[in-house]
Each structure stands twice: as structure tokens, then as C-alpha cells.
Amino acid sequence: MLALTAVGVAITFSLGLWQLGRASEKTALQDARTAQSRKDMLDGRTLKGSSEDVLLRSELLYRRMVVTGRWLPNYTVYLDNRQMNAKPGFFVLTPLQIDGSGEVLVVQRGWAQRSFTERNALPPVQTAEGLVQVQGHLAPWPSRLYDFGGAETGPIRQNLDLTAYRQETGLKVLEVTLLQSGGPSEGLLREWPVVASGVEKHHGYAFQWFGLSGLIALLYVWFQIVQPRRQKRPA
């Protein structure tokens, strides 16, 4: 019994330590993102299109950036089932041809509420012609929501696959995006939700594992030491 108790305490205590380690990793990651976002603003021309520069662009994630280019509105995609301020709608994504370059950067322009009466109706979004400057933070490709598989076409989609989008458009689309900043404009809101680090969840799990470890030890002491001694006492 002592050996089983020791194994149980060791395993649960180790799991608690592992959860604390995961919390520390996510805290460090969040701190790194915050530090990136506070650095000086970059020019979009620093984004190069060759495959060898993928690592460079990944190191620029979450940096503030201003990109000059021309919108390609014919390839705009409306990602469905996205929320802002607890309201369902679309994240509107439009590719931007970087000025003086063959590369295309997909811009997450903002959020628009969808029509509840016409499911296929597109929200009114204004797109400027000619050369524009767009500010924001360099961000990863949009995360995927659950879908039923299969290639999606048309402006309204659940997810946007990078490889399929490149083949569909024939554009030199970069594997990163620009999360546009600024106040409401062009029919779009940009009150982007802050990505939770999940540290609280790991702390909660760690507390549960440590509690279970302590409970196992306490039960052993009670049933294997305290109770037998109480039973041996003379009446």
C-alpha cells in the first residue's frame, strides 16, 4: 500500500509541476508577443516573398507594420461564424498587392455583422481604389474553425486554406496576414478580441493535481496509520 501511495503521489505531483511549466511557457509567449507589438513600426516592404524568408517573416509576427499597396477586392473572403463583442458575423479578408512587389498580403480588415434574414447576403463594405496605406499588426494565417471538410469556394467560407487560396487566385500570397488596426471605417469594426494565454487554466489544473496528491497522502496517513492506532487503544 505504501508503494502504491508513493506512486500515486509522485504521478499527481509531477502532473501539477507539468501544468505549472505549461503556464510558464504560455506566460513567456504572451510576454514575447507584447514586446513585439511595442517595437517600432515596420514598412511592409520588409516582407520578402521567397521561401527562404518564411523564417524571417515568422520572427516579425505581432510587429506593428504599415503596408502600401492596392486592394484586390475580387478575391475578398468573408469568414463566417466569427464574433466581435459577442455578436456573430464575418471577418472580412482582402488581399493587398504590396506596392513595388509581386507579393500579396492578406489583410484581416475587420468585422461586419451578417444578415439574419438572408444567409448569403454580403455586408456592405467599402474598398478604396488606387494606392492605400494600411496599418496593423503582422499576424498568423487565420485560425481554423470546425468544418466538414471539402474545398470551399465563393466569398463566404468557414475557413481559408492558404494552399488552396494560392491555387485559386494565382497570387503570390504570403503565409502571414495583417490584422488591420484603427477605428470603425469602411463598414467594418476592428475591436479585435485579445487572445487569451490560457495561463489561468493551467494554474487551475495544477491546483487540482496538487490537491489530489495531497489527498492521496492524507488518506494513506488516515487509513494506514491513524485508524489502526485508534483501534489498538484499550477501551
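Just a few scattered comments:
- In the range 105-124, the residues that are surrounded by 15 or more Cβ atoms within 10 Å (Cβ to Cβ) and acidic (D, E): none
- As a summary of the residue check, T127 satisfies the conditions (1) within 30 Å of A23 (Cα to Cα); (2) open to solvent by 20 Å² or more (accessible area, probe 1.4 Å) except for the one numbered (1).
- Residue count, the range 145-188 (criterion: in contact with a Leu (Cβ under 7 Å, 6 or more places away or on another chain) and basic (K, R)): 1
- Out of R114, R109, one residue alone is among the basic types (K, R), under 19 Å from L42 (Cα atoms) and touching a residue at least 24 places away in the same chain (Cβ under 8 Å). It is R109.
- A Cβ distance below 7 Å, combined with a sequence gap of six or more or placement on separate chains, defines the contacts here; from the range 60-71, residues that are touching a residue at least 24 places away in the same chain (Cβ under 8 Å) and closer than 20 Å to K39 by Cβ reach no residue that is among the aromatic types (F, W, Y) and open to solvent by less than 20 Å² (accessible area, probe 1.4 Å).
- Residue match in the range 26-42 (condition: part of a helix (DSSP H, G or I) and of a type in the set (D, E)): yes
- Looking across the range 74-84, the residues that are open to solvent by 80 Å² or more (accessible area, probe 1.4 Å) and out of contact with any Ser or Thr (no Cβ under 8 Å at 6 or more places or on another chain) come down to N74, N81, Q83.
- Entry remark, the range 55-73: residues being at pLDDT below 95, in a helix (DSSP H, G or I) and either open to solvent by 10 Å² or more (accessible area, probe 1.4 Å) or touching a Phe, Trp or Tyr at 6+ places or on another chain (Cβ under 9 Å) (or both) number 4 in total.
- Check on D43, within 24 Å of L179 (Cα to Cα), free of Cβ contacts under 8 Å to residues at least 12 places away in the same chain and among the acidic types (D, E): no
- Qualifying residue in the range 85-98 (condition: within 30 Å of A121 (Cα to Cα), open to solvent by 60 Å² or more (accessible area, probe 1.4 Å) and either assigned to a helix (DSSP H, G or I) or among the polar types (S, T, N, Q) (or both)): yes
- Evaluating R144 against the criteria (1) modelled with pLDDT under 95; (2) of a type outside the set (G, A, S); (3) surrounded by 15 or more Cβ atoms within 10 Å (Cβ to Cβ) leaves one unmet condition, (3).
- Matching entry among Q30, Q19 (being closer than 19 Å to L215 by Cβ and under 30 Å from the mean Cα position of the chain (by Cα)): Q19
- Count - residues of the range 177-232 that are surrounded by 14 or more Cβ atoms within 10 Å (Cβ to Cβ), under 21 Å from R63 (Cβ atoms) and modelled with pLDDT of 90 or more: 6
The values are calculated or read from the model by the stated rules, or taken from the named source; none is laboratory data. The shown structure was predicted, so the numbers you read here are calculated from the model rather than taken from an experiment. Note that we place each Cβ from the backbone using ideal geometry, even for glycine, and neighbour counts take in every protein chain shown. These area figures cover heavy atoms from the full protein model, side chains too; ligands, DNA and RNA do not enter into them. Shrake-Rupley method; radii C 1.70, N 1.55, O 1.52, S 1.80 Å.
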